[in-house]
Amino acid sequence: MSAITQLLPRGDGSELAPAQLEELYPVPERPWLRMNFTSSVDGAVTVDGVSAPLSGDADKTVFKHLRDSCDAVLIGAQTVRREGCRPPLPNSVRQAMRRSRGLAPAPRLVIVSGSLHLEPEAVGAADPRVLEVARPIVFTTESSDPTRRARLTPYAEVVCLGADTVDLVAAVAWLHRHGLRQLLCEGGPHLFGRLAALGLVDELCLTVSPLLALNDAMRVIAGQPGTPEHPPLQLRLAHVLHSAGVLLTRYLVAE
């Protein structure tokens, strides 16, 4: 794997050790919602419908660290269907690392799905370890199909919040009440847009791949037109890392 070096706010070109990399992505003591996205230079978040072509070794290293530092991984149902996401199950070494940080052995997968167009396999029905280590959570609406809820209930904790749209403010509050304070959201763009518009986002980790996608894929955020109610959100650059042409940036939402 190519070395990861720090460009900003200070960098001497030397390779970052794992401990140094962890220090650059600290876990605040207060409840925190961190977004993690990868995009091309021209802003696309997918190539041929998926994000994999935009990722690389450095991005995957940060991806694993962020997952190993959170209580729950929050994902929209459309992203689950498109990317084939499954509940995160760290290996024994990473589980031990999480325990040393005061975390559960594995983060809980949290899926936001208003319609519940989800197969049981999406919440780990095929792997009994999921129920043993970290039972997934599905947030849906009160108007969702009861039959679909019943299909998922044996494999996930299904929570109805909101009449026709999932109430994300209530969802985040529910997670906090249940001890899931450090949240990592991996998309998609519409979920990011709603979370940002509601003022629920604290941080954005954005990897910029040295690629021109030359397509009309969505940007990292979608579905929230700029209005007086949703003005541009000011960010503060925390750092820029570099590895083989890939830029790994971290932004904090300005207070």
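The values are calculated or read from the model by the stated rules, or taken from the named source; none is laboratory data. Remember, predicted model here, so these are calculated numbers, not experimental data. When we count neighbours, we look across all protein chains shown, and the Cβ atoms used for this are built from the backbone with ideal geometry, even at glycine. Side chains are part of the model used for accessible areas, which takes the heavy atoms of the whole protein and leaves out ligands, DNA and RNA. Shrake-Rupley method; radii C 1.70, N 1.55, O 1.52, S 1.80 Å.
Scanning region 4-25 for residues that are surrounded by 14 or more Cβ atoms within 10 Å (Cβ to Cβ) and assigned to a helix (DSSP H, G or I) yields LEU21, GLU22, LEU24.
Quick one: in region 197-213, of everything that is more than 19 Å from LEU247 (Cα to Cα) and in contact (Cβ under 8 Å) with a residue 40 or more places away in the chain, which residue is least open to solvent (accessible area, probe 1.4 Å)? Please lay out each step first, then the result.
Initial filter on region 197-213 (more than 19 Å from LEU247 (Cα to Cα)): 197-202.
Subset that is in contact (Cβ under 8 Å) with a residue 40 or more places away in the chain: 200-202.
Working: LEU200: 35, VAL201: 12, ASP202: 30 Å².
Applying the filter and picking the extreme gives VAL201.
Residues in region 142-157 that are closer than 17 Å to ALA171 by Cα and open to solvent by 80 Å² or more (accessible area, probe 1.4 Å): 1 in all. Note on region 163-192: among residues that are charged (D, E, K, R) and within 21 Å of TYR25 (Cβ to Cβ), the one that is most open to solvent (accessible area, probe 1.4 Å) is ARG181. Among residues of region 147-176 that are over 26 Å from ASP127 (Cβ atoms), those with a Cβ under 9 angstrom from a residue that is of a type in the set (Phe, Trp, Tyr), sequence gap 6+ or separate chain, pair up as LEU161/PHE139; LEU161/TRP174; GLY162/PHE139; ASP167/PHE139; LEU168/PHE139; ALA170/PHE139.
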